[in-house]
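K.L.:
I have a structure I would like to understand better, so I am pasting it below and will then ask my questions one at a time.
The values are calculated or read from the model by the stated rules, or taken from the named source; none is laboratory data. Everything numeric in this text was worked out from a predicted model, so none of it was measured. Cβ: placed from backbone, ideal geometry, glycine included. Neighbour counts: every protein chain shown. Keep in mind that these areas ignore ligands, DNA and RNA; they rest on the heavy atoms of the full protein, side chains included. Shrake-Rupley method; radii C 1.70, N 1.55, O 1.52, S 1.80 Å.
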Amino acid sequence: MRARDLLTEFPTVTLDTLVVDAARLMAERDLAGLIVVTDEGRPHSVLPGTQVLALAVPGYCQDDPALARVVDEEHADRFLDALGDSTVRQALPKNPRELPVTDPDATLLEIAALMARTRSPLVAVVDDGRLLGAITLQALMDQVTGA
């Protein structure tokens, strides 16, 4: 099986998309991350849901999760409000990781190795600079386990 056999259309966001809108899209579609594209539609990076959480969750709660218990429930349930007008550009790590991109001929093992190396829940499939779709960790695991 090759990447072309497993890829699916996948929603994208741009660098100027509001992070809160990206978070809503992830939630609505039950996605672990999103592909960030340039204005030309080329893959720029992957925005993992965990990166959104890292931006939204107060640092003191990340350092000591027990401190999150002192925040009243009403405010604790609205922690994404802290994202305000932050854009995806601001949410991405300062030192970008390797972009998880492959071509349509990649094997399942190549895709798995790329996901593992980049610690990305998805891989963009690109042909001649054009985004064809993505392969999610779930789709890959379903295929390799026969689920």
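K.L.:
What ranking do 98-106, 42-50 get when scored by the average of other Cβ atoms within 10 Å per residue, highest first?
P.N.:
42-50, 98-106
K.L.:
Sticking with this one: Take D5 and T38, extend 7 Å from each Cα along the Cα→Cβ direction, and tell me the distance between the two endpoints in nm.
P.N.:
For D5 paired with T38, the spin-label model returns 3.3 nm.
K.L.:
Hey, another quick one. Work out the FRET efficiency for R29 and E98 from their Cβ-Cβ distance, taking R0 = 25 Å, and round it to the nearest 0.05. Don't skip to the end; give the middle numbers.
P.N.:
Values: r = 24 Å, r/R0 = 0.98.
Step by step, r from the Cβ atoms, then E = 0.55.
K.L.:
In terms of modelled amide H atoms, which long-range or inter-chain residues lie less than 5 Å from the amide H of S45?
P.N.:
V36
K.L.:
Once a ≥ b ≥ c are taken as the square roots of the eigenvalues of the Cα gyration tensor of the chain, is the result rounded (a/c under 1.5), prolate (a/b larger than b/c) or oblate (a/b not larger than b/c)?
P.N.:
Working: a/c = 2.35, a/b = 1.72, b/c = 1.36.
Prolate, since a/c reaches 1.5 and a/b exceeds b/c.
K.L.:
Could you give me the ³J(HN,Hα) list for segment 88-96, computed from phi with Karplus coefficients 6.51, -1.76, 1.60 and θ = phi - 60°, whole Hz, x at Gly and Pro?
P.N.:
4, 3, 6, 7, 6, x, 4, 9, x
K.L.:
With each pseudo-label sitting 7 Å past Cα toward Cβ, what's the R119-A66 distance in nm, one decimal?
P.N.:
In this crude label model, R119 to A66 measures out at 2.5 nm.
K.L.:
Tell me the carbon and sulfur percent of the accessible area for the chain, rounded to whole percent, probe radius 1.4 Å. Display every interim value, and only then the final one.
P.N.:
Numbers: 4460 of 9000 Å².
Accessible surface attributable to carbon and sulfur in the chain totals 50 percent.
K.L.:
Calculate one ³J(HN,Hα) per residue across segment 38-54 by plugging θ = phi - 60° into the Karplus curve 6.51 cos²θ - 1.76 cosθ + 1.60, and present them in order as whole Hz with x for glycine and proline.
P.N.:
With the stated coefficients, segment 38-54 comes to 6, 4, 8, x, 8, x, 10, 6, 10, 9, x, x, 5, 5, 5, 4, 4 Hz.
K.L.:
For L99, what residues show an amide H to amide H distance below 5 Å, using hydrogens built from the backbone and excluding near sequence neighbours?
P.N.:
none
K.L.:
Any idea how far the Cα center of segment 75-147 sits from the one of segment 1-48, in Å?
P.N.:
One Cα centre to the other: 8 Å.
K.L.:
Please give the residues of segment 1-40, grouped as numeric ranges, whose backbone N is less than 18 Å from a label point set 7 Å along the Cα-to-Cβ vector of V57.
P.N.:
20, 23-24, 26-27, 31-34
K.L.:
Quick check for you: with a 1.4 Å probe and neighbouring chains kept, what is the accessible area per residue of segment 88-147, in Å²? Could the numbers behind the result be given before it?
P.N.:
Values: 3510 Å² over 60 residues.
Value returned for segment 88-147: 59 Å² of accessible area per residue.
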